[in-house]
Each structure stands twice: as structure tokens, then as C-alpha cells.
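Below: the structure, in C-alpha cells.
The values are calculated or read from the model by the stated rules, or taken from the named source; none is laboratory data. This is a predicted model, so every value here is computed, not measured. Cβ placement follows ideal geometry from the backbone for every residue including glycine, while neighbour counts extend to all protein chains displayed.
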Amino acid sequence: MKLFISFLKLVRWPNLFFILVAQCLFQWCIYHPLYPTDSNPFNNSFLFILFSSLCIAAAGYVINDYFDINIDQINKPSKVVVSNIISRRWVIFWHLFLSMIGLYLTMIAFPFHNYWHIHVANLLSILFLWFYSTTLKKQLLIGNVLIAVLTAWAIAVVYFSKFTAAELFHPQESPLHHLRFFKLMVLYTAFAFVLTIIREALKDMEDMEGDAKYGCRTIPIVWGLRATKVYLAVWLIVVVAILAIIQLYVIPFGWYGSVFYCVILIIAPLVYVLYQLPKAYTSQDFSRLSWWIKMAMLAGVLSMGFFYFLY
């Protein structure tokens, strides 16, 4: 049982559950109401792309812990799984196994000649996650942006799996529901991207001690805490302003429930983080603010449920 629990920690099961919920809600609450002729939204193609995403993400978490073992022994020694509970050899095995399963499920779900963009994107995700763990995470900004892009892709892949490469690169005149589907995909992927950028910087501030010892050039190490806080404050102000504008736009439609939900469960936590940011100095402070960002991200994903009833 201890080994199984350690494996779940290794693959970051809460993050995998987040991906599962995000993709299922996007499929059921956004895609299905716009395309009701698809009587079975949870068909084999969707399930295969869902499980391939989970496998590729899990493989990324596994290999990240493999290369982060020295840093983690400083930043969070009580949570280190690699070598302490699961051997390094088995960690490499699970990375390769999960990566191959992710690619195999993609091959089953979609023929390459029509959906080569999905195959290429998932293969690049695996490669980028490897290079992130070995090199890119130690570089200024690059690693944070890459993780934000891959987080956004976890939602966007559902959208892109609905269209062949020809339909994407040579679009014909699209009906209105195609345009709505695209706009909602952009909205949620942009939201995931920005909040991941914010959370990754907070995690960098939380892990400064170990990162500095092993030569990482993260934002707080290169710029310092004050400049990093200004950087985060700008992102927070931008995302709060955009969310507020969106609420002003939907009020005339009478969507008061969704407005109340967004203000209380998404905007308010972000404003709280913005308020507390200047007062944060310790690893525990940044960890707590990171938790609030994660809760705002979860609330944002769950907000997809409103579209099922509002269409």
C-alpha cells in the first residue's frame, strides 16, 4: 500500500484529476451542447485522448521528480519518493511506459493522415517535458512558459481533436457554433496559461533555496523577490481586469449566477493573492498563495458547467 501511495504522489494524482475534470467538462458542457448531433460525447475517441493526456502528463511528472531529486531533498525532503521509496530505475521505466502508452492511445484514437497535428503535438509534449526536466526548468522564463503552454494544451487538445488537419489549416466558411467553440477554447486555454504562469513563479519563489544551490536561473533568483512580485502583480491585475470585463459583458444576458460565481470563487481569490503578495517572504507564504491560485484555476474549470445550462 505504501508503494502504491508513493506512486500516486510520483505521478501527482491531484493534477491528473484536474486534467480529467477539465477535459470531461469541456467535452460535456461546451462541446456537447454546441454539437448535440453527437449523441455519445464520451465516445472512444474522447476517452483515448483523455487517457493519453493523463499518461503523458504523468510521465512528465515522473521524469521531473527523477531529475529534481537533489533539489527536492533541500526544498521538500519529507516528500521525496525517488530513491527513497521507488528506485531510479523503476522511475525511468514508468516514464518510458507511460509515454509510450500515451502515444499508443493517440494512434488508436486518430488516423495519422487526418490528425497528424494531434500525434505531433503529443510527441512534442513528451519531448518538451523531458527537456524541461533536464535543462529548461533551470532557465529564465522558458521553463515557466513551456509548462503554461502544456497546461493550456491539456484543454486545447479536446478542441483540436474535433477537426482534421485539413479543416484546421484550410478552413471553409464556419457556422456560428464553430466560432463559439473556438472562442470558448481560447478563453479557457488563455485562463489556464496565465494562472499557470503565476503559479509557476510562486513555486519558484517557494523553492529558491534548492534552486539556487543547483544553479537554476529562475525568475526570483535572477530578478530578485521584489521584481518577481511586480511581475506577478501585473499578471494578476491583467487577468482580474479581463475577468471583470467579461462579467460586465454577460450581465445584460441575465447570467447573474455565473457572474456571482466568478466574482466570489475566481476573482476574489486572485485579488486576495494580489493583496497578500507584498507581505509574502517565506516558503510557506508562497506555498499558501500558490494554493489559492490552484483553487482559482479549479473554480475556473468548474465554471464550464454553466455553459451546459446557458446555451
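The number of residues in the range 98-111 that are over 19 Å from N43 (Cα atoms) and either loosely packed, with under 15 Cβ neighbours inside 10 Å or in contact with a strand residue (DSSP E or B) (Cβ under 7 Å, 6 or more places away or on another chain) (or both) comes to 1.
Among the criteria (1) at pLDDT below 90; (2) closer than 25 Å to M297 by Cβ, the one A152 does not fulfil is (1).
Restricting W235, W292 to those that are within 22 Å of N15 (Cα to Cα) and either in contact with a helix residue (DSSP H, G or I) (Cβ under 6 Å, 6 or more places away or on another chain) or not aromatic (F, W, Y) (or both) reduces the list to W292. Of all residues in the range 219-258, exactly one satisfies the criterion of being touching a Leu at 6+ places or on another chain (Cβ under 7 Å) and not in a helix (DSSP H, G or I), namely W255. Residues considered: E200, E209. Of these, the only one that is in a helix (DSSP H, G or I), over 14 Å from L140 (Cα atoms) and of a type in the set (D, E) is E209.
Is there a residue being touching a Gly at 6+ places or on another chain (Cβ under 7 Å), part of a helix (DSSP H, G or I) and either free of Cβ contacts under 8 Å to residues at least 40 places away in the same chain or among the aliphatic types (A, V, I, L, M) (or both) anywhere in the range 259-275? Taking every residue of the range 259-275 in turn, at least one turns out to be touching a Gly at 6+ places or on another chain (Cβ under 7 Å), part of a helix (DSSP H, G or I) and either free of Cβ contacts under 8 Å to residues at least 40 places away in the same chain or among the aliphatic types (A, V, I, L, M) (or both).
Within the range 13-28, residues that are touching a residue at least 40 places away in the same chain (Cβ under 8 Å) and of a type in the set (A, V, I, L, M, F, W, C) sit with their Cβ atoms under 6 Å from residues that are surrounded by fewer than 17 Cβ atoms within 10 Å (Cβ to Cβ) and outside any helix (DSSP H, G or I), at 6+ positions apart or across chains, in these pairs: W28/P41. Scanning the range 246-267 for residues that are surrounded by 15 or more Cβ atoms within 10 Å (Cβ to Cβ) and modelled with pLDDT of 95 or more yields Y261, C262, L265, I266, I267. Out of curiosity, is F128 out of contact with any strand residue (DSSP E or B) (no Cβ under 7 Å at 6 or more places or on another chain), assigned to a helix (DSSP H, G or I) and either under 18 Å from T218 (Cα atoms) or of a type in the set (A, V, I, L, M, F, W, C) (or both)? Against the criterion (out of contact with any strand residue (DSSP E or B) (no Cβ under 7 Å at 6 or more places or on another chain), assigned to a helix (DSSP H, G or I) and either under 18 Å from T218 (Cα atoms) or of a type in the set (A, V, I, L, M, F, W, C) (or both)), F128 qualifies. Just so you know, in the range 131-142 the residues that are in a helix (DSSP H, G or I) and touching a residue at least 12 places away in the same chain (Cβ under 8 Å) include one that is surrounded by the fewest Cβ atoms within 10 Å (Cβ to Cβ), and it is T134. Taking each residue of the range 232-250 that is more than 21 Å from P278 (Cβ to Cβ) and looking for partners that are modelled with pLDDT of 95 or more with beta-carbon atoms closer than 7 Å, six or more apart or interchain, yields L243/C262; L243/I266; L243/I267; A244/I267; Q247/C262; Q247/V263.
Let me spell it out: the conditions are (1) of a type outside the set (A, V, I, L, M, F, W, C); (2) surrounded by fewer than 18 Cβ atoms within 10 Å (Cβ to Cβ); (3) assigned to a helix (DSSP H, G or I), and H95 meets all of them except one. Which number is the exception? Among (1) of a type outside the set (A, V, I, L, M, F, W, C); (2) surrounded by fewer than 18 Cβ atoms within 10 Å (Cβ to Cβ); (3) assigned to a helix (DSSP H, G or I), the lone unmet condition for H95 is (2). Looking only at residues in the range 105-124 that are free of Cβ contacts under 8 Å to residues at least 12 places away in the same chain and assigned to a helix (DSSP H, G or I), which one is nearest to I56 (Cα to Cα)? Here the residue is L124. Taking the range 1-69 and the helices (runs of 4 or more DSSP H) fully enclosed by it, the elements with 2 or more residues that are buried (at least 19 other Cβ atoms within 10 Å of the Cβ), out of contact with any Pro (no Cβ under 6 Å at 6 or more places or on another chain) and of a type outside the set (G, A, S) are at 13-25, 44-67. Close Cβ contacts (under 6 Å, 6 or more residues apart or on different chains) running from residues in the range 284-311 that are under 14 Å from V263 (Cα atoms) to residues that are surrounded by fewer than 18 Cβ atoms within 10 Å (Cβ to Cβ) comprise A299/L265.
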